[in-house]
Each structure stands twice: as C-alpha cells, then as structure tokens.
1. Order of 184-195, 157-168 by packing, highest average Cβ count within 10 Å first?
2. Return the loop-located GluC sites (Glu not before Pro) in segment 98-135 (DSSP other than H, G, I, E, B) with at most 10 other Cβ atoms within 10 Å of their own Cβ; answer none if there are none.
3. Counting only heavy atoms of protein chains, what accessible area per residue, in Å², does the chain have with a probe of 1.4 Å?
4. Which of these values of Rg and Dmax of the Cα atoms in Å was calculated from the structure shown: (1) 29.0, 106; (2) 49.0, 202; (3) 31.6, 122?
5. Could you check what % of the DSSP bridge pairs in the chain are antiparallel, to the nearest 5?
6. Which of the pairs LYS191/LYS243; LYS154/LYS189; LYS176/LYS264 have their Cα atoms more than 21 Å apart in this structure?
7. Roughly what % of DSSP beta bridges within segment 78-187 run antiparallel, to the nearest 5?
8. Name the lysines eligible as straight-distance cross-link partners of LYS26: C-alpha to C-alpha under 28 Å, and not fewer than 8 places from it in the same chain.
Amino acid sequence: QGEGCRIVPLSGHVGFDSLPDQLVNKSVNHGFCFNILCVGETGLGKSTLMDTLFNTKFEGDPASHSQPGVQLKSSTYDLQESNVNLKLTIVSTVGFGDQINKEDSYKPIIEFIDAQFEAYLQEELKIKRVLHNYHDTRIHACLYFIAPTGHSLKSLDLVTMKKLDSKVNIIPIIAKSDAISKSELTKFKIKITSELVSNGVQIYQFPTDDESVAEINGTMNAHLPFAVIGSTEELKIGNKMMKARQYPWGTVQVENEAHCDFVKLREMLIRVNMEDLREQTHTRHYELYRRCKLEEMGFKDTDPDSKPFSLQETYEAKRNEFLGELQKKEEAMRQMFVQRVKEKEAELKEAEKELHEKFDRLKKLHQDEKKKLEDKKKSLDDEVNAFKQRKTAAELLQSQAQQAGGSQTLKRDKEKK
C-alpha cells in the first residue's frame, strides 16, 4: 500500500483450505485397493454374494467338496466407478468345512493373512522402499459366512473366528437367510451375538467416533450379524427390473430391506466404512503383527534402563549376539568334525588291523600249503627214483637172461654139429 509498491491482483482464493482437495485428487489419480476374505463352508453363496455386492460377474470355477485340505484362492480385479479406480482382491477359502477332521481348518487362513503382513513388513524394512506403488494385499475385511441353521454357531465357526479376530476385521453374516423364517432369524441373531460375546470373539464394530456417520453406524451395529441373500438374476417386479430369487411361494428381493440385510451390508462395507476398514487393518492388526515380529527380532521402544531406544545399539547387540552364536556353532561343528575324524581314524585302524591279521593268517596258510606240497613233491621224487632203480635192475636182469639164453642155444647147436 505504500508509495512505490506494486500491487499484484489475486486471480482467486488463496489458502491452505484447498489441501483436502489436493489429497482427494492425488488419491483418485493413484487409485485404491480393497481386499476381502470370504470364509465359510462350500455352498453358502460366497461367490454369488460378491457378484451381487459389486454388480458384476467375477470369473471363477465352482469349488468341489473333495479337497484334502483348506486352500486359499486369491483373485484380483480392476473395477471403475465414475472416475475412481479400485483394485479389488477377493480371497476365498476352498474346501473349508468339507473335511471329516476340521481341527486345523483355520491354520491355512492364519498363515495366508500372516504371509500378507510379512510381505508388507519386508517391503517396509527395505532400504529403498516403493510403498506408493506397492500392491497392498493385506486383508481389509473378512466376511464370515454362517450357515442358516437357526440354532447356534458351530464349533468350527467359533474356533475360526476366535483365531482370526486379532488379525482381521471380521463381519459375520448369515448366508442364504431366506432359508429360515423371520422369527427364527431374529432369535438366531440374538443367539449368535450372545455366543460371540461369551466366547470373547471380537468382531468388527462400525466406528461411531465420527459425527457424520455415528448415527448410521450405531444403528447398523445393532443389526449385526447381517442376514443376506445374493442373486445375480434380475426379475421384473412391477415396472422395474430387480435382483431377486424366484420361489414357488413367491419372490425374495435382494435389495428390499424388509426381505434381507443386503443393502445394509453394502452400505456399511462399501459406501460408509471402506476407508475405516483399511485404516483399522493398518493401524491395529498390522501394527500388532509388526510389533510382535520386531520384538522377536530384539527391537524394543526402550532398553532395560528405560532409556530411549537406539537402533544402532540394538543392531550392534543383535549382530554381536549373532556372531557369538555363529562362533559357537562353528566351534561345535569343528569339534564334531574332529570327533568324526577320530572315529573314522579308529575305524580305519581297526580295519587295517583286521586286514593285517587276515594277511598273516593267509600267509601262514600259504606257507603250510607250500610245505605240504614240497613234502609231497619230495615223496613223489623218491618214489620216481626208486621206480627208476627197479626198472634199471629189471632191465639188467632181462638182458643177462637173454644173454644166458643165447649162449645155451649156441652150445646146443655146436653139440648137434
């Protein structure tokens, strides 16, 4: 305003209240990801409900009942609504509840969830991280499908939910709720809630700390577990085409809140609390896994003297501890190697001693055999010499006899003459 100052006209409003708009635009450009785990026995309509929730037809083959164990099948789809892109991952439990022995049915699910946490933790611990482009596969919501028995929860359901409640946001739903009557359904919901509370199972509660959604979330918490019906078939009801299931006794409308809680589930899961489910997964379940994992590695917030935690000192301590253990293992392996060498040398000496003894025995046997052969040869030589002498004497006697016979013949001839 002073003399000589230049006045710059403003082209529009200037302020940091545009920061939320910047964040929204950045998030929309980057896109979102959401991962759902569907847990339930085969044949409860898990795939059909997913198709109905997102109003599309996801590819997939129907699961068989002949699986030797529980297998988790993950499928990722790219969805778009208006200008918002969503990378949706649906994980189904193939063969869950089909085995005769269901004792360890929950273990593959736990291992899968921990594997996603571990993958994210390893990416987070890298020196060069790319978390902004990292495909987050951590499970944000677990839809637990309960069979519409109308009586009580199965032991398998209670055990599985108890094992999962500290690792994932569990939303229990009663599948195929049109299989039981309204009065039975109300009693079944009360029974399920009381059993979950008595067994200490912590299911996901819709947040009520935000004033904008506190009222609707508080109301929806009272409707848990949701009784849902899924259908991809559209029927003409009145003048509208609606998703419904046709029965001989009538028609069940999927999006009619008087018939089922499908609309409530869709509102709570997708429209109102999707971001809270993502946030709870990161701040609660992943942080619990991360803290336990780092404590196993020896990292803590404070040292035994309650002094601030030093990453360098902890790293050096763990490194020295590791080197000490490595030296102990190396020394143990060296001692084992020396012991093995001594044992091998003793075995070789024993074998050498046995060979020498065997050689001496064979040598003595050879000498005895040789002596026997020499004695036999000498005996045979003596016999041959004696035979030759007898032969010579016999020939001499024969020649003398022939000479004597010849002289007598001459004498007789002379006498005749």
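1. Numbers: 184-195: 15.8, 157-168: 20.1.
Packing order, densest peptide first, comes out as 157-168, 184-195.
2. Those that pass, being in a loop and sparsely packed, are GLU103.
3. Normalised by residue count, the accessible surface of the chain is 69 Å².
4. Calculated Rg and Dmax of the Cα atoms in Å: the matching label is (2).
5. For the chain, the DSSP antiparallel bridge percentage is about 55.
6. The answer is LYS191/LYS243.
7. 45 percent
8. Straight-line reach from LYS26, under 28 Å: LYS87, LYS126, LYS128.
The values are calculated or read from the model by the stated rules, or taken from the named source; none is laboratory data. None of these values were measured; they are calculated from a predicted model. Don't worry about glycine lacking a Cβ; one is built from the backbone with ideal geometry, like all the others, and counts go over all protein chains shown. Accessible surface is based on the protein model in full, side chains and every heavy atom, while ligands, DNA and RNA are left aside. Shrake-Rupley method; radii C 1.70, N 1.55, O 1.52, S 1.80 Å.
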